[in-house]
Amino acid sequence: MSIQIADLAKEFGLRPGHVATVLDDLGIAHDHASFEADDDALELIREALAEVSPDSPITAKGAVTPREAAALLGVGAADVQRTLVQKLKTMATLTTQLKPEVAQKLFEQFGAKLQFADAAAAKPVAPKPKPAPKQPAARKRPPVVTIMGHVDHGKTSLLDKIRKSNVVDTEHGGITQHIGAYQVELPEGVITFLDTPGHEAFTAMRARGAMVTDIAVLVVAADDGVMPQTIEAINHAKSAKVPIIVAVNKIDVPGANPDRVMSELTQHGLVPEAFGGDTIVCKVSALTGEGIPNLLEMILLQAEMLQLTADPKGPVEAYVVEARLDKGRGPVATILVKNGTLKKGQSLLIDTAYGRIRSMLDYRGKQIDEAGPSVPAEVTGLNQVPEAGQKVEVFEKEAEARTEAERRIESRKSPTHQGRGLTLKGLREKLSQGEIKELNLVVRADVQGSVEAVCGVLQKIKNEEAQVRIIHRGVGNVTRSDVDLAYTADAICLGFNVGVESGARSQAKQRGVEIRTYKIIYELAEDIEKAIKGMLEPKFEEQHLGTVEIRMVFDLSRYGKVAGCYVTEGKVVRGCQVRVRRNKEVVYEGKIASLKHLKDDVREMAAGFECGIQFEGWTGFEVGDVIEAFEMVQV
Ligand code: GDP
């Protein structure tokens, strides 16, 4: 039978590590959580355990990681890490092998003793020497946090509560400005919160190139549990590879069930530490404030592990987090600096907006002259309102910024300016060039059952070069946020029996993201399969443009033979495809090589006008021939 080490430890008033030590002594295999034993063996183990004092040392066979230490001590991995960082000033991930003396001190912090079976094996395997940091001037910077979660689970309340209880400002009457971000200063460190909660804003910013969030706090109401937008938030954060800390909110509500939330989370790949995983879960109430100090501490702990650094003297890397038009002050933008320092008087270019920083305010509404890494600042002086998520560039002179802005505006007028999105047709090329190995998909369907069915079918599709990865699935129409996510993850949006939300279609067009909708699951699967195998043939359809009659034939010495034509219906376009009929019989199929009106080259001619036409490689036309103009459009 299988026996839990933790249960046995509890029974004897010992730590799991003591049980593991006895098992090791007796030569019984275990995985630090459970072991297999029959009644006789268990009897033997119990006898041995009865002899063990809670003060006796725990024996480790080799070097210990924080995760193993937590298992041996019977405490949470977050507790272990917090102790390492705060008490022992040691940075370690859950799987870092600790030095023997550090491991022993760690055990002492928890009132336990650690000894090593083999002193030589206890030495951590020397890690590969790290390359020297590129920027020696890099300094620790505060983490930037976004709060996400389902509607009404308390995102706004949590942000407000944190702001009210932690942002001290006597000078300005305690009223902080809503500038899109604020900072909380704690004895252990500073945290920057983005004030626009939700994964939509997060991914919209990413789609514009800004990756400002370091940590996502996922708010889940304890009286409601994991909901569709909770799952969306998880998928969006995961796609951005941003670590998630869970805040189980509303624990003050009678009947709230945080444990249920935790087990629901495991189904979505977030395994709480209490269940042996490494997701930090904090129980909080945005109403009473309970648990919020612990949440803030956990954010700082996570930040320590991420080793966030920036060089305040380095080149400026900054992004807009919010912008608006203020009646009195003109365009104002809140900028968050990732690297370098933003200074009053600098000239900025943000996409096509430019200007000199006239004034800078912090989130308390206080005038500041500069803003370093992770410090949000509201600036004025731009000529227009930029978009959230856009990159901020610093220029020596305002004139240079303006010239570049004008150049950008001009270049966007050209039709070649397009999104960079992935299309099923383009997939093959990227696969063969080794650019991508997975086809990322965002899947939407009408009901949960069809979401499961579609995903089930899709997940079976793969070949040697690529496989399908579903980065997000959900019930309902394709949304703008889906398009943003698809854009950032180089994915395609698939809809099954659903429509496309208004705005999402134009967003997709602008970003070059492909949305494909289907009514038959088999066709959907077939297209994806063909795309992966590079067999997806684009379907074209003939679209009629217009009808033209040849009324005269000229033979011009300079140009050669030209058909003098009259457009009877629709239009004719230079370069378009044509079919020429003589008494119903087709005498030519090809393209228009030149289209002139009087002496000028024209792009197209409408009904009721005369024009001169030459065909590609054909001069056999006669008066009375009828030209059908058409183009092939992809369906
Ligand atoms: P959001 O949509 O996620 O931003 O949620 P809100 O912050 O607007 O909160 C939704 C509702 O839940 C509001 O009526 C809040 O007062 C309430 N609420 C938020 N947090 C708590 C909490 O911790 N306890 C209780 N009892 N109510 C809360």
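Sort out for me the strands (runs of 3 or more DSSP E) sitting completely within segment 574-635 that have 1 or more residues that are within 20 Å of Y559 (Cβ to Cβ), in contact (Cβ under 8 Å) with a residue 60 or more places away in the chain and under 54 Å from the mean Cα position of the chain (by Cα).
Working: elements: 577-582, 585-597, 604-606, 610-615, 626-634.
It comes to 610-615, 626-634.
Within segment 30-64, track down each residue that is closer than 25 Å to A274 by Cβ and in contact with a His (Cβ under 8 Å, 6 or more places away or on another chain). Working first, answer last.
Filtering segment 30-64 for residues closer than 25 Å to A274 by Cβ gives 30-36, 49, 54, 58, 60, 64.
Within segment 30-64, L49, P54, I58 meet the criteria.
State whether one or more residues within segment 289-311 are aliphatic (A, V, I, L, M), closer than 15 Å to M148 by Cα and outside any loop (DSSP other than H, G, I, E, B). Steps first, please.
Initially, segment 289-311 is screened for residues aliphatic (A, V, I, L, M), giving 292, 295-296, 298-301, 303, 305-306, 308, 310.
Those left that are additionally closer than 15 Å to M148 by Cα: 295, 299.
Still in the running and outside any loop (DSSP other than H, G, I, E, B): 295, 299.
Checked against the condition, which is being aliphatic (A, V, I, L, M), closer than 15 Å to M148 by Cα and outside any loop (DSSP other than H, G, I, E, B), segment 289-311 yields at least one hit.
Considering each residue of segment 598-635, count those that are farther than 16 Å from K561 by Cβ, modelled with pLDDT of 90 or more and open to solvent by less than 60 Å² (accessible area, probe 1.4 Å), and give that number.
Number satisfying all stated conditions: 9.
Might you let me know whether segment 510-520 holds any residue that is in contact with a helix residue (DSSP H, G or I) (Cβ under 8 Å, 6 or more places away or on another chain), open to solvent by 20 Å² or more (accessible area, probe 1.4 Å) and in a helix (DSSP H, G or I)?
Yes, segment 510-520 contains at least one residue that is in contact with a helix residue (DSSP H, G or I) (Cβ under 8 Å, 6 or more places away or on another chain), open to solvent by 20 Å² or more (accessible area, probe 1.4 Å) and in a helix (DSSP H, G or I).
For segment 271-297, give me each residue that is surrounded by 22 or more Cβ atoms within 10 Å (Cβ to Cβ), more than 16 Å from the ligand (Cβ to nearest atom) and touching a residue at least 40 places away in the same chain (Cβ under 8 Å).
Passing the criteria: only I280.
Out of all the residues in segment 323-343, which are closer than 23 Å to F193 by Cα and not in a strand (DSSP E or B)?
Once the filter is applied, which keeps residues that are closer than 23 Å to F193 by Cα and not in a strand (DSSP E or B), segment 323-343 yields G340, T341.
So F202 clears everything in (1) within 16 Å of the ligand (Cβ to nearest atom); (2) modelled with pLDDT under 85; (3) under 19 Å from R324 (Cα atoms) except one condition, right? Which one?
Going through the list (1) within 16 Å of the ligand (Cβ to nearest atom); (2) modelled with pLDDT under 85; (3) under 19 Å from R324 (Cα atoms), F202 breaks only (2).
Filter the helices (runs of 4 or more DSSP H) completely within segment 1-88 down to those with at least 3 residues that are in the same structural domain as K113 (by TED's automatic domain parsing), among the acidic types (D, E) and modelled with pLDDT of 85 or more.
On the way: elements: 5-11, 16-26, 39-50, 66-73, 77-86.
Correct list: 39-50.
Cβ contacts < 7 Å: first residue on the phi > 0 side of the Ramachandran plot, restricted to segment 327-342; second residue open to solvent by less than 20 Å² (accessible area, probe 1.4 Å) and assigned to a strand (DSSP E or B), any location; separation 6+ or different chain. Result?
What qualifies is G330/T380.
Looking at segment 14-29 only, could you name the residues that are surrounded by fewer than 24 Cβ atoms within 10 Å (Cβ to Cβ) and under 21 Å from F275 (Cα atoms)?
L14
Looking only at segment 524-545, decide whether some residue is closer than 18 Å to E628 by Cβ and small (G, A, S). Outline the logic, then answer.
So in segment 524-545, the residues closer than 18 Å to E628 by Cβ come out as 540-545.
Then drop every residue that is not small (G, A, S), which leaves none.
Looking through segment 524-545, none of the residues is closer than 18 Å to E628 by Cβ and small (G, A, S).
Determine, yes or no, whether L300 is within 20 Å of L94 (Cα to Cα) and within 16 Å of the ligand (Cβ to nearest atom). Give the steps one after another, and end with the answer.
Details: within 20 Å of L94 (Cα to Cα): yes; within 16 Å of the ligand (Cβ to nearest atom): no.
So L300 fails the test.
Just one of the numbered conditions (1) out of contact with any Phe, Trp or Tyr (no Cβ under 8 Å at 6 or more places or on another chain); (2) outside any strand (DSSP E or B) is not true of A405; which one?
Of (1) out of contact with any Phe, Trp or Tyr (no Cβ under 8 Å at 6 or more places or on another chain); (2) outside any strand (DSSP E or B), only one is false for A405: (1).
Would you mind stating whether M1 is closer than 23 Å to D278 by Cβ, touching an Asp or Glu at 6+ places or on another chain (Cβ under 8 Å) and open to solvent by 40 Å² or more (accessible area, probe 1.4 Å)? Give the steps one after another, and end with the answer.
Numbers: closer than 23 Å to D278 by Cβ: no; touching an Asp or Glu at 6+ places or on another chain (Cβ under 8 Å): yes; open to solvent by 40 Å² or more (accessible area, probe 1.4 Å): yes.
No: the conditions fail for M1.
Going through segment 482-508 one residue at a time, which ones are touching a residue at least 24 places away in the same chain (Cβ under 8 Å), of a type in the set (D, E, K, R) and open to solvent by 20 Å² or more (accessible area, probe 1.4 Å)? First the steps, then the outcome.
Restricting attention to segment 482-508, the residues satisfying the condition of being touching a residue at least 24 places away in the same chain (Cβ under 8 Å) are 482-498, 501, 504, 507-508.
Okay, now just the ones that are also of a type in the set (D, E, K, R), so 482, 484, 490, 501.
Correct list: D490, E501.
Look at G330 and say whether it is more than 16 Å from the ligand (Cβ to nearest atom) and outside the structural domain of M91 (by TED's automatic domain parsing).
Working: more than 16 Å from the ligand (Cβ to nearest atom): yes; outside the structural domain of M91 (by TED's automatic domain parsing): yes.
In short, yes.
For segment 217-270, name all the residues that are part of a loop (DSSP other than H, G, I, E, B), away from the ligand (no atom under 11 Å from the Cβ) and without any contact (Cβ under 8 Å) to a residue 12 or more places away in the chain.
Passing the criteria: only K241.
Looking only at residues in segment 437-455 that are of a type outside the set (S, T, N, Q) and open to solvent by 30 Å² or more (accessible area, probe 1.4 Å), which one is modelled with the lowest pLDDT? So that I can check it myself, show each step before the final result.
Applying the first criterion (of a type outside the set (S, T, N, Q)) to segment 437-455 yields 437-439, 441-447, 449, 451-455.
Remaining after also requiring open to solvent by 30 Å² or more (accessible area, probe 1.4 Å): 437-438, 446-447, 449, 452-453.
Values: K437: 70, E438: 78, D446: 89, V447: 87, G449: 84, E452: 87, A453: 88.
The residue in question is K437.
Exactly one of these conditions fails for K161: (1) within 16 Å of the ligand (Cβ to nearest atom); (2) at pLDDT below 90. Give me its number.
(2)
The values are calculated or read from the model by the stated rules, or taken from the named source; none is laboratory data. Please read all numbers here as calculations on a predicted model, not as lab measurements. So basically every Cβ, Gly included, is an ideal-geometry build from the backbone, and we count neighbours across all protein chains shown. Side chains are part of the model used for accessible areas, which takes the heavy atoms of the whole protein and leaves out ligands, DNA and RNA. Shrake-Rupley method; radii C 1.70, N 1.55, O 1.52, S 1.80 Å.
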